[in-house]
Every structure is written in C-alpha cells, then in structure tokens.
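We did not get these values from a lab; they are worked out from the coordinates using the rules stated. Owing to the predicted nature of the structure, the values given are computational and were not obtained by experimental measurement. Cβ coordinates were reconstructed from backbone atoms using ideal geometry, including for glycine residues, and neighbour counts include every protein chain displayed.
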Amino acid sequence: MINSNFTYIIRFVVLMAFQVLLFSNIQGIPYTHFFVYIIFILILPFETPAYVLMLVALITGIIVDAFGNTLGIHASATILVAYLRPAVLRLYAPRDGYEANTLPGIRSYGLFWFLKYCITLVIAHQLLLHILDAFGFYMFHITLLRVAFSVLGSVAVIILIEYLSMKRK
C-alpha cells in the first residue's frame, strides 16, 4: 500500500513538472493546448473514493493554475473530470464489470475502451476550460475550434504517455 501510494506521488510530481515546464509552454500549433495533467485523474484506481478524486483534482488544478496564472479555470475543469469519472466508468463498464486489482488503462482494457473513456473526459475538461477562459460564448466557433484541437492534441499525448508507461511483460 505504501509502495503504491509512493508510486502515485512520484507520478503526480512528474506529470505536474511536465505540464508546467513543458506542455504549458508549447506554442506554435494554432488553437492547440496540451493539457495532459488530467491523465493522473484518469488512471487512479477504480476503487478511489469520490472525496479523494475531488481533492486530488482540486490540488492538481490549483497547481496548474498557480503556474499558469489562470485564476481557477484548471481547478474547475479538473474537478468536473473527477466528478464525471465514476459515471463515465459506469457507462463504459464491461458486461462483467471491472476486474479486481486492475487500473483504467490500455493494458487492462485495451485501446478502444481507453480511447472512449479518455476522449469523453477530455472533451468535458476542454469544453469547460475553454468556455471559462473565453468568459462566455462570445466567438463560440473559435472556442469550439480550440476545444477540438486541444482534445486531439491532449488525447494523442495521453495515449503516448500511457503506452510509454506500460511495463513490458
């Protein structure tokens, strides 16, 4: 248990470092932002209590907001992901339910399942994030363009990270 918690703390620190030092500073692809820090919420164990999900989401969002000077929009969007996660997991649950001692990931449930799960939550995250960033529905078509490109970029990097973090058999 302690080793598992230590592993999650290391993952959290590494993801936050990559997000605030690398992914938040990538510019050059119009309308695209890579917000891959939410993978930490996505890969938490199925049995994670709701209050822990919400607390981790809040801390994660506050850290990204602090480094990006974004006044709580990342915290709001990340809390939304944590709130929706149990419902999305129920929506995409296998017929026999989730196997004990597995994590929501490509290795346990395959690429197609993980893509559905990841895309659903990343779309929710990006929609709220970009609507709050635009502070309304002004220029909604540009906001939707940002959401679409950011979802594609973020999901691509999340899938890459998921494949890179899989242990070889």
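Given the options Val14, Ile119, Val52, identify the residue whose Cα lies farthest towards the positive end of the charge dipole of segment 1-131 (+1 on Cβ of Lys, Arg; -1 on Cβ of Asp, Glu).
Of the options given, the answer is Ile119.
Counting other Cβ atoms within 10 Å, keep those with at most 11, restrict to DSSP loop, and tell me which chymotrypsin sites (Phe, Trp or Tyr not before Pro) in segment 113-169 are left.
Counting only loop positions with at most 11 other Cβ atoms within 10 Å, the chymotrypsin sites (Phe, Trp or Tyr not before Pro) in segment 113-169 are Phe135, Phe137, Tyr138.
Would you mind calculating the relative contact order of the chain from Cα pairs under 8 angstrom and at least 6 residues apart, reporting the percent as a whole number?
26
What's the FRET efficiency of Ile161 with Ala66 using the Cβ-Cβ distance as r and R₀ = 22 Å, to the nearest 0.05?
After rounding, the FRET efficiency stands at 0.50.
Nearest 10 degrees is fine. How inclined is helix 2-21 to the longest principal axis of the chain, computing both from alpha carbons?
For helix 2-21, the angle is close to 20 degrees.
From the C-alpha coordinates alone, can you work out the Kirkwood hydrodynamic radius of segment 30-90, in Å?
11.9
Between Ser108 and Ile123, how many nm apart are label points set 7 Å from Cα along the C-beta direction?
In this crude label model, Ser108 to Ile123 measures out at 2.3 nm.
Taking the Cα-to-Cβ direction at Leu91 and at Leu152 and moving 7 Å from each Cα, how far apart do the two end points lie in nm?
2.2
What are the extents of the Cα atoms of segment 26-132 along their three principal axes, listed from largest to smallest and rounded to whole Å?
44, 31, 20
Could you calculate the contour length gain from Ala134 to Arg11, that is, 0.36 nm times the residue separation minus the distance between their Cα atoms, to one decimal place in nm?
The span from Ala134 to Arg11 would gain 41.2 nm if fully extended.
Where nothing but the Cβ of Lys and Arg (+1) and of Asp and Glu (-1) is charged, how large is the charge dipole of segment 11-113 around its Cα centre, in debye to the nearest 20?
The calculation lands at about 100 debye.
What is the dipole size for segment 50-169, taken about its Cα centre, with +1 at each Lys and Arg Cβ and -1 at each Asp and Glu Cβ, in debye to the nearest 20?
420
Mind computing the radius of gyration and Dmax over the alpha-carbon atoms of segment 77-148? Å is fine for both.
Reported Rg and Dmax, both Å: 14.9, 46.
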